Every structure is written in C-alpha cells, then in structure tokens.
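The values are calculated or read from the model by the stated rules, or taken from the named source; none is laboratory data. Bear in mind that the values here come from a model prediction, so they are computed numbers and not experimental data. Please note: Cβ atoms are built from the backbone with ideal geometry, for glycine as well, and neighbour counts cover all protein chains shown. To get the accessible areas, we keep the full protein, side chains included, count just its heavy atoms, and leave off ligands, DNA and RNA. Shrake-Rupley method; radii C 1.70, N 1.55, O 1.52, S 1.80 Å.
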Amino acid sequence: MSPKITPAPASSHDASLGPAPLPGGKQPRTERGRRTLRKLLDAAALEFGEKGFHEASISAITGRAGMALGSFYTYFDSKDALFRALVSDLSTRVGLEAREALSGSHDALGAERAAFGAFFDFARSHQEIYRIIDEAEFVDPASFRQHYESAAQRIHERLQRGVASGELREDLDEASAWAIMGMNVFLGLKYAIWSGGRETADIAGVAGAILEKGIVKR
C-alpha cells in the first residue's frame, strides 16, 4: 500500500470570517465590515467577469452589492485597487478550496486528483475567474504573476512531499509543478468554462491518468 501524504498546515485565516487581508484594501475590523467587503468582492467578480475591467464601473459594482456608492471608499481608493484585491481574493479562495479537499489523508497521486477536482469545481461555479485572471495580465501584471506563482508553489510543495515519501520520481522540480498547473488550467478552461457536460471526477481521472504515467516512481 502506498504511504499516505499528510497535507500541509492550512492557512491561519478563517474563511468564514470573510476575506483574508487584501492588497489595496482598507481592512475591516468588525464582522459586519468583513461581510460587507465580501459582498463587495462578490459583486465585483460578477461585474468584472461580465463586462471586463474597463467597462465595469464602481457604481454598478456597489449597485450589485446593494450598498451606497460612497460606501465603496470605506474599503478601496479606486477601481484598480478593488481589482487587485479581487485577484488576490480569488487566488486565496482557490488555495483554500484545495486545502479543504486535502484535509484528509491522500497518497501523492490522490492529492493531485483531489486538488484538481477542487479547482475544477470552483472554476465551474465561478466562471468569471478566467476572464478576471486573464485581464490581470494587462491591468495588474504583478497580481497576475503572483496568482500563478502561488498556485505553482502549492503544487511543487505537494510534489516534494510525494518525492520524500518515495512515491514520485526524484527529479520532479519546479518546472514539473508549472507543467501540471498548465494542464489543470486548460482542462478547466475547456471543460468547466467552454463545455460543461463532463463530471468533475471524469476530468480529474483524465488528469490523474496522465500524471500516473508521467510522475509515479516505477
């Protein structure tokens, strides 16, 4: 039987309390403030996802959130600051979904399947993430790069745990993590965004079969 991989410690941030500390935002200190910020970020995700950064407006975002226009400036100084915070928030939420999926015990290959399934389900439920992240390359390149670097780092850490347990090839490195992430991103684009007829487990199985033949120690 393959040894089990224990997931890395979860983030100290409790997602139930609202968004984690975000770049460009004025951090709320009360539970009510965190709930309001959560509504604002969710409204921004829909607005940016539907209209894109340049066509989206602060007034439309606050309208979606059910708050007065002036309340926006309690949290952000500009639309750009909100966009940066939203990219960070989406990236954090993807990471938290993966951590939740890995809360049990998984072997190395099972961990990759579980993490991919969590990402796939999140993308299917929040299809705006692809447009927002793609636009970040031009609106805020630093956020765009940070999103992918943090995702690749999580994969790399899982691979290293698999190497340490003896399940995975010893030569897996950072580039291996980026290759897996690229596969995950484009499988999500095709089957979570463009065509949604296949089940998460089916697509995760496809990804898992590729990994099993390419990264499991023989």
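Being more than 19 Å from L46 (Cα to Cα), outside any helix (DSSP H, G or I) and touching a Leu at 6+ places or on another chain (Cβ under 7 Å), is that true of even one residue in the range 158-168? Yes - at least one qualifying residue is present in the range 158-168. When the range 196-216 is limited to residues that are more than 11 Å from L109 (Cβ to Cβ) and not in a helix (DSSP H, G or I), the one that is least open to solvent (accessible area, probe 1.4 Å) turns out to be G196.
Taking I193, is it open to solvent by less than 70 Å² (accessible area, probe 1.4 Å), closer than 24 Å to K51 by Cα and of a type in the set (A, V, I, L, M)? In short, yes.
Being of a type in the set (G, A, S) and touching a Pro at 6+ places or on another chain (Cβ under 6 Å) holds for only one residue in S88, S78, and it is S88.
Pairs linking a residue in the range 96-122 that is more than 19 Å from M183 (Cα to Cα) to a residue that is of a type in the set (K, R) and in a helix (DSSP H, G or I), with Cβ atoms under 9 Å and 6 or more positions apart or on different chains, are R99/R154; L102/R158; H106/R113. Inspect the range 137-145 for any residue being touching a Phe, Trp or Tyr at 6+ places or on another chain (Cβ under 7 Å) and either among the β-branched types (V, I, T) or part of a helix (DSSP H, G or I) (or both) and give the result as yes or no. Yes, there is a match, as at least one residue in the range 137-145 is touching a Phe, Trp or Tyr at 6+ places or on another chain (Cβ under 7 Å) and either among the β-branched types (V, I, T) or part of a helix (DSSP H, G or I) (or both). Taking residues in the range 127-149 that are open to solvent by less than 40 Å² (accessible area, probe 1.4 Å), and partners anywhere that are basic (K, R) and part of a loop (DSSP other than H, G, I, E, B), not one pair has Cβ atoms closer than 6 Å while being at least 6 places apart or on different chains. Once the range 150-181 is narrowed to residues that are within 18 Å of the chain's Cα centre (by Cα) and open to solvent by 30 Å² or more (accessible area, probe 1.4 Å), the residue that is farthest from D134 (Cα to Cα) is E157.
Could you list, in sequence order, the residues of the range 100-121 that are part of a helix (DSSP H, G or I) and either modelled with pLDDT under 95 or touching a strand residue (DSSP E or B) at 6+ places or on another chain (Cβ under 7 Å) (or both)?
Of everything in the range 100-121, those that are part of a helix (DSSP H, G or I) and either modelled with pLDDT under 95 or touching a strand residue (DSSP E or B) at 6+ places or on another chain (Cβ under 7 Å) (or both) turn out to be A108, L109, A111, A114.
Being closer than 25 Å to L90 by Cβ and in contact with a helix residue (DSSP H, G or I) (Cβ under 9 Å, 6 or more places away or on another chain) holds for only one residue in E170, E149, E212, E137, and it is E137.
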